[in-house]
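Chemist: Quick one: the structure is below, and I'll ask about it shortly.
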Amino acid sequence: MILILFIVFLLLLLLGIPIAFSLGLSAFVYILFSDLPLIVIPQKMYAGIDVFVLLSIPGFILAGNLMNASGITGRIIAFCNAILGHIRGGLGLANVGASMLFGGISGTAIADTASIGSVMIPAMEKEGYDTDFSCAVTATSSTIGPIIPPSLPMIIAATLTGLSVGKLFIAGIIPGLLLGMGLMLVTYIISVKRKYPKNKRVPFLTMAKSFYQAFWAIMMTLLILFGIIGGVFTPTEASIVAVIYAIVIGLLVYRELKVGMLPKIILESAKMTASLMVLVGFANLFAWIMTVEEIPQLIAESLLNLTQNKFMILLMINILLLFVGAFMETIAALLILFPVLLGVALHVGVDPIQFAMIMVVNLVIGLTTPPVGVCLFVASSIGKISLEKISRAGLPFLLVSLFVLLLVTYVPEISLFLPGLFYD
């Protein structure tokens, strides 16, 4: 019976059916051919979304959309360009820096690629950068968004296991910074080699002004993070605080957000939330079927029968996740595989916070790898180039991402130092 589930799922994916409906339809076909009543479909779907912390997701999505509509993208880019523009390849470096700051607002890679890319890719092309390079920098740097807090994948991971959202948020800071600095290094090396342009150093007053304009956006991330760490509010309450903050800043400080824009922004955020919740519901149903069929135990036993060595187990898990991430959407893969693989990781002595980071970093790398790298598709559509060209240009950045993944995997303190500092 389990073969039916996987065969139908893979066929639907090959036909181009969205991942959420591929999960749901394959689960439906499985239940039709089994003795299970159809009532389990709504029951398990509802059980998957009936988690209090998931209420923070629509809040963070709405807050990110509000800040983006407030003109925050342009201000962040201007600030990063003021600091880095005088270096060779400065606009490319500013692209990565903007993704690091914007990721702390949106929490999603796709939003980052679309928002930053729509501004930076044309600007870089105008300055003389190759289109494939511009698109590759934009797509790969957007993967920092789901790592630096707030992070939607981290919220999902906490939901699945009962881990602290605050700890997971803090755990992502150092890996996110490492990834950002690594991508900047590659950007600089390629820029020097290809003699990409650099701008004149801006006056200090201009730099200070650009910092002030981006300050309120940066403060949003700090407000969320330290509010949760300090126990001032829960992650769900933090998302509502973020929405109120975004409205106040957009209307009264930046003054680019208009009251008439709010209904459209709320509707768009509701659509994004609904699509995500449908995915969570169907993925929970799919995962429940796998549990009934004892697939998690089978995977765990298979891995542990091969070796009990912690480093080899982590290497095999990384290879599996990199493969899955190339074909499956991040949150869907997280929902299905995280509880399964966490048991294996715990068995060999891996801290659950560290393993959550390993999972997230692994799966966001898949956002920039063919054939289902959604960030590649978004960037290539903006730059109007083929997926093959952007994939080839992104190889040096992919190597850096893999190096950071290895550091996160085999150096636990990268993920655990800050949570231990604030929580223990």
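Chemist: Scan the range 292-312 and tell me whether some residue there is of a type in the set (A, V, I, L, M, F, W, C) and within 27 Å of I57 (Cα to Cα).
Modeler: no
Chemist: While we're on this one: Taking only pairs six or more apart or across chains, which ones have beta-carbon atoms under 7 Å, a first residue in the range 264-293 that is in contact (Cβ under 8 Å) with a residue 12 or more places away in the chain, and a second residue that is open to solvent by 20 Å² or more (accessible area, probe 1.4 Å) and of a type in the set (D, E, K, R)?
Modeler: Final answer for the pair search is N284/K44; L285/K44; W288/K44.
Chemist: Do you know which of the residues in the range 98-108 that are assigned to a helix (DSSP H, G or I) and open to solvent by 20 Å² or more (accessible area, probe 1.4 Å) is modelled with the highest pLDDT?
Modeler: Looking at the filtered set, the residue picked out is M100.
Chemist: Within the group F226, F211, F204, which residue is open to solvent by 70 Å² or more (accessible area, probe 1.4 Å) and closer than 19 Å to G172 by Cβ?
Modeler: Answer to the check: F226.
Chemist: Sticking with this structure for a sec: Which one is least open to solvent (accessible area, probe 1.4 Å), of the residues in the range 393-413 that are farther than 26 Å from A136 by Cα and in a helix (DSSP H, G or I)?
Modeler: Y410
Chemist: Would you check which residues across the range 226-242 are assigned to a helix (DSSP H, G or I) and either in contact with a strand residue (DSSP E or B) (Cβ under 9 Å, 6 or more places away or on another chain) or not hydrophobic (A, V, I, L, M, F, W, C) (or both) and list them?
Modeler: Once the filter is applied, which keeps residues that are assigned to a helix (DSSP H, G or I) and either in contact with a strand residue (DSSP E or B) (Cβ under 9 Å, 6 or more places away or on another chain) or not hydrophobic (A, V, I, L, M, F, W, C) (or both), the range 226-242 yields G227, P235, T236, E237, S239.
Chemist: Which of the helices (runs of 4 or more DSSP H) found entirely inside the range 1-97 contain at least 3 residues meeting this: open to solvent by 40 Å² or more (accessible area, probe 1.4 Å) and free of Cβ contacts under 8 Å to residues at least 12 places away in the same chain?
Modeler: 2-14
Chemist: Could you check the range 199-225 and list, in sequence order, the residues that are part of a helix (DSSP H, G or I) and not hydrophobic (A, V, I, L, M, F, W, C)?
Modeler: T206, K209, S210, Y212, Q213, T221, listed by residue number.
Chemist: Of Y188, Y245, Y196, which residue is touching a helix residue (DSSP H, G or I) at 6+ places or on another chain (Cβ under 9 Å), part of a loop (DSSP other than H, G, I, E, B), hydroxyl-bearing (S, T, Y) and touching a residue at least 24 places away in the same chain (Cβ under 8 Å)?
Modeler: Checking each option against the conditions leaves just Y196.
Chemist: Right, next: Take the conditions within 15 Å of L54 (Cβ to Cβ) and open to solvent by 10 Å² or more (accessible area, probe 1.4 Å) and apply them to T131. Does it pass?
Modeler: Criteria not met by T131.
Chemist: Further question: Hey, I147 hits all of (1) under 24 Å from I228 (Cβ atoms); (2) surrounded by 24 or more Cβ atoms within 10 Å (Cβ to Cβ); (3) modelled with pLDDT under 90; (4) not acidic (D, E) but one; which does it fall short on?
Modeler: So I147 meets the others, but not (3).
Here is a yes/no grid of residues against (1) within 19 Å of F60 (Cβ to Cβ); (2) of a type in the set (A, V, I, L, M); (3) assigned to a helix (DSSP H, G or I):
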| position | (1), (2), (3) |
| --- | --- |
| I110 | yes, yes, yes |
| A114 | yes, yes, yes |
| G117 | no, no, yes |
| L160 | yes, yes, yes |
| G176 | yes, no, yes |
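Chemist: Still on this structure: Among (1) surrounded by 13 or more Cβ atoms within 10 Å (Cβ to Cβ); (2) closer than 27 Å to S151 by Cα, which single condition is V232 missing?
Modeler: Only one criterion is unmet by V232, namely (1).
The values are calculated or read from the model by the stated rules, or taken from the named source; none is laboratory data. These numbers come from a predicted model, not from an experiment. Cβ coordinates were reconstructed from backbone atoms using ideal geometry, including for glycine residues, and neighbour counts include every protein chain displayed. Side chains included, ligands, DNA and RNA excluded: accessible areas come from the protein's heavy atoms. Shrake-Rupley method; radii C 1.70, N 1.55, O 1.52, S 1.80 Å.
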